[in-house]
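Engineer: Sending over a structure as C-alpha cells; questions will come in a sec.
The values are calculated or read from the model by the stated rules, or taken from the named source; none is laboratory data. Computed from a prediction, not measured in an experiment: that's the story for all the values here. With ideal geometry, Cβ positions are generated from the backbone for all residues, glycine too; neighbour counts draw on all protein chains shown.
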Amino acid sequence: MSKFMKQWFLLLSLVPFSCFWAVKCAALQLHPDEAVVLRQIAAKMGARLMNTTEDPCQSLKLPLPTPPSTLQINLIACNRTIGNFSRITNIRLKYLSLPGTIPTELVNLHFLEEM
C-alpha cells in the first residue's frame, strides 16, 4: 500500500469518531417549560434538587442528593427534539425513597412516553 493510501485510510478511519464527538457536544438543552415542570414534579415527590441549573438532558438524571446504590435508578431520556430544545420522553426513578406522591404535573410533559 502506498504512503498516500495509508494517509487516506488513517484519515477516513478517524472521521466516524469525530462525528460521534460532535453529536455528543451538540446535544440540545431541555426546554425551559419542561425544566420548570421537572422542578415542580421533584418538589411534589419530596426530592430536593442539588443543582437546579444542571440540565437533565445532558446529565441523563435528576440531580438528587442520594447516595449511590446498586438498586437505585435515576434516569431521564430526552429523545424528542423540537426547535432548539430537547423534550423529556422517559423518566425512571426507582428505589430512591422519595416520600411524596405521584404528581399531577406529569401531564405537562407532553412527550413523556415512559415513567
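Engineer: Is it true that some residue in the range 77-91 is hydrophobic (A, V, I, L, M, F, W, C), under 9 Å from the mean Cα position of the chain (by Cα), outside any loop (DSSP other than H, G, I, E, B) and at pLDDT 90 or above?
Structural biologist: yes
Engineer: Inside the range 30-60, can you point out the residues that are surrounded by 16 or more Cβ atoms within 10 Å (Cβ to Cβ), within 14 Å of the chain's Cα centre (by Cα) and of a type in the set (A, V, I, L, M, F, W, C)?
Structural biologist: Scanning the range 30-60 gives 30, 35, 38, 57.
Engineer: Tally the residues that are of a type in the set (A, V, I, L, M, F, W, C), out of contact with any strand residue (DSSP E or B) (no Cβ under 9 Å at 6 or more places or on another chain) and free of Cβ contacts under 8 Å to residues at least 40 places away in the same chain, restricting the search to the range 44-83.
Structural biologist: Total meeting the criteria: 2.
Residue by residue, here is whether (1) out of contact with any helix residue (DSSP H, G or I) (no Cβ under 6 Å at 6 or more places or on another chain); (2) within 14 Å of residue 34 (Cα to Cα) holds:
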site: 65; (1), (2): yes, no
site: 74; (1), (2): yes, no
site: 77; (1), (2): yes, yes
site: 85; (1), (2): yes, yes
site: 92; (1), (2): yes, no
site: 95; (1), (2): yes, no
site: 100; (1), (2): no, no
site: 108; (1), (2): no, yes
site: 115; (1), (2): yes, no
